[in-house]
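Contents: one structure, followed by commentary.
No value in this document is a laboratory result; all are computed from the given coordinates. This one's a predicted model, so the numbers in the text were calculated from it and none came from an experiment.
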Amino acid sequence: MKQALVDDTEDVSLDLGNEEELAFRKAKIRHPLATFFHLFFRVSAIVTYVCCDWFSRSFVGCFVTVLLLLSFDFWSVKNVTGRLLVGLRWWNHIDEDGKGRWIFEARKASPQRSVATEAEARIFWLGLVICPLIWTVFFFSTLFSLKLEWLALVTAGISLQAANLYGYILCKMGGERDIGKITASFLSQMVFQTASPRDFQKPGLKGLEIHKH
């Protein structure tokens with residue numbers, strides 16, 4: 001009888017642990033300021049580009065404003081929001097011999113320490129993927145409408161946001177540089193995470209897994 005009671009108690013404690021883990025993963029946003037700025041600059045750049053004719057008739061003013069917003073977005077996403085929201089970071093290190101080395105870091109999962117909730121991760125990746133696609137649509141619309149003066153700005157938007165997307169995908173894929181493997185692996189992970197949210201990057205990250213190239 002005592003043995004049965006102990007077994008029941010152990011089962012209950014394990015169930016409570018799983019419930020706490022799932023509750024944390026579905027918790028509200030833990031980094032509201034980082035989440036806000038992850039979307040603010042890139043959405044503002046798109047809105048300003050679309051509505052710039054309403055705000056001002058100065059081409060130079062609109063060009064500089066959008067370019068500044070794109071630059072702020074690139075810096076904040078690369079250096080702040082990726083580290084806080086999903087525990088990923090990429091950067092360039094200059095060796096003693098003067099050669100640049102790209103480093104892609106991802107924090108390892110740990111049951112003692114958590115980094116991101118499902119809401120933060122989904123906001124991060126959706127913003128990272130959708131906005132470059134919108135700039136790509138702008139590129140073709142500008143090209144077909146012969147507004148060639150805007151091509152440089154649209155190209156800058158695609159380049160800056162695609163660079164962050166590419167860097168963070170490399171972090172998530174462990175530094176793999178084969179484009180075909182990256183695309184297939186990344187899409188399969190995103191589909192799997194949507195179908196099975198409980199298995200999405202178990203909560204808790206400990207240390208940094210570093211990949212150098």
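Once amide H atoms are placed 1.01 Å from N in the peptide plane, what residues at a sequence separation of 5 or more from TRP102, or on another chain, have their amide H within under 5 Å of its amide H?
HIS93, HIS213
Volume per residue, Å³, of the convex hull around the alpha-carbon atoms of segment 116-166?
59 Å³
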